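First comes the structure, then the notes that go with it.
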Amino acid sequence: MLANKPYVIGLTGGIGCGKTEAARYLEGLGATHLDADAFSRRLTADNGEALGEIRRVFGDGVFREDGSLDRSRLGKVVFADESARRALESILHPLVQRDMLAAMDEAARAGASTVVLDVPLLFETGMDALCDETWALYAPRDRQIARIVARDGLSPEDAVTRIDSQMPMEERNAKATFAINTDRPIERTQAELEQLYRAAQKRAERG
């Protein structure tokens, strides 16, 4: 491993499995956190680079009168139709990956020792190839649904649709270096995350 190359942990997990909280905790331990969702939001914010192609593919119906993207309306379209979801992914994923690669290079130049790539579709997009190891967070399906309903205000049916749009938990866990159960007191999950993070740092030091 090159001296200036950070050790890269790929963090993923199904919607409602606590990935955001885990990433924040790892950031508190000293990791450089790169959030795919944050890059995506910038690309689709006002005057975002992806808006023109989204309008071309999905039409004016997913935009508000002021020209901003109506994320709720777009979400209803893409989660109800797999071909629409794939069309959106084909617009966003290459741009997100480009920006995350640039951010990884910047982190390396800044001397970061460990980078956490926080990517919901880590395996689906092939970004696991950039990682030294991968961690998948998981929780029982009923807990996922309850968390999504409480957090996002979706109906249970819409929550299920979003869960089912992602890779099945068993497949994701099998692909990951480590699978972490978040259906327990947060202190226990944090203790496991810290243990794994410290072990990863030692592997990074050994090169």
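Things worth noting here:
- For A179, the residues whose modelled amide H falls within less than 5 Å of its own, excluding neighbours fewer than 5 places apart on the same chain, are A136.
- Using alpha-carbon coordinates, inclination of helix 19-28 to the longest axis of the chain, degrees: 40 degrees
- The chain pair-distance distribution - Cα-Cα, 5 Å bins, rounded %: 1, 7, 15, 17, 19, 17, 12, 8, 4, 1, 0, 0
- In this Cβ point-charge picture (+1 for Lys and Arg, -1 for Asp and Glu), region 1-158 has a dipole of about 120 debye about its Cα centre.
- Each peptide among 113-121, 150-158, 11-19, 23-31 gets the average number of other Cβ atoms lying within 10 Å of its residues, and from highest to lowest they stand as 11-19, 113-121, 23-31, 150-158.
- Computed over the alpha carbons of region 100-207, Rg followed by Dmax gives 16.0, 48 Å.
- Annotation: lysines with alpha-carbon distance below 21 angstrom to K19 (same-chain offsets under eight excluded): K175.
- Sequence-distant contacts, meaning Cα pairs under 8 Å at least 6 residues apart, place the relative contact order of region 57-174 at 21 percent.
- Relative contact order (%) - the chain, alpha-carbon pairs under 8 angstrom, separation at least six: 37 percent
Each reported figure results from applying straightforward, stated rules to the coordinates on display, with no laboratory input. Worth saying up front: this structure is predicted, and the values here are computed from it rather than measured. Ideal geometry is used to build each Cβ from the backbone, glycine not excepted, and the neighbour counts take in all protein chains shown.
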